[in-house]
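One structure is given here, and the rest of the page talks about it.
The values are calculated or read from the model by the stated rules, or taken from the named source; none is laboratory data. Computed from a prediction, not measured in an experiment: that's the story for all the values here.
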Amino acid sequence: MVAAKGGLVRDVTVGDCVELLDTQAAGQQFTGSGMVCFYRLLHTTRVFPDDAPPSIRMFRSPGQLTCDELVDRYQIACRPIRDLLVDYLRERQPAMDYSKPQPNQRVRGSSP
């Protein structure tokens, strides 16, 4: 990014990162964890202003995921366990905000 636009790392903006993400998506190039880590590094080193979103994923979020989508991200092989997790999250969903189901699900749904 610095090579393409010139300047220093401290001159990179949130908009530059979003533009790169859009360019990669348009070219169907990989936009996975490398871009997330790059953005997070710039954010945590205070290159971005304090009000910048903590994750670039916030720019590509399709909205709140369903309980099924949250659990299916982890490809749990045992269908009864997967269904149990989905049912648990559905039951708990009214009492939880969006930021809570994912960490709880991750602990319960990760492979050993």
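Here's the yes/no breakdown for (1) basic (K, R); (2) at negative phi; (3) not assigned by TED's automatic domain parsing to the domain that holds L20:
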| site | (1), (2), (3) |
| --- | --- |
| F38 | no, yes, no |
| L42 | no, yes, no |
| V47 | no, yes, no |
| R73 | yes, yes, yes |
| P80 | no, yes, yes |
| D83 | no, yes, yes |
| R90 | yes, yes, yes |
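Quick check: is even one residue across the range 42-59 of a type outside the set (K, R) and modelled with pLDDT under 80? So that I can check it myself, show each step before the final result.
Of the residues in the range 42-59, the ones of a type outside the set (K, R) are 42-45, 47-56, 58-59.
Retained after the next criterion (residues that are modelled with pLDDT under 80): 58-59.
Yes, that holds for at least one residue.
Could you please find all residues in the range 73-105 being within 22 Å of S55 (Cα to Cα), modelled with pLDDT of 80 or more and either among the charged types (D, E, K, R) or over 19 Å from the mean Cα position of the chain (by Cα) (or both)?
Listed by number, the list holds a single entry, R73.
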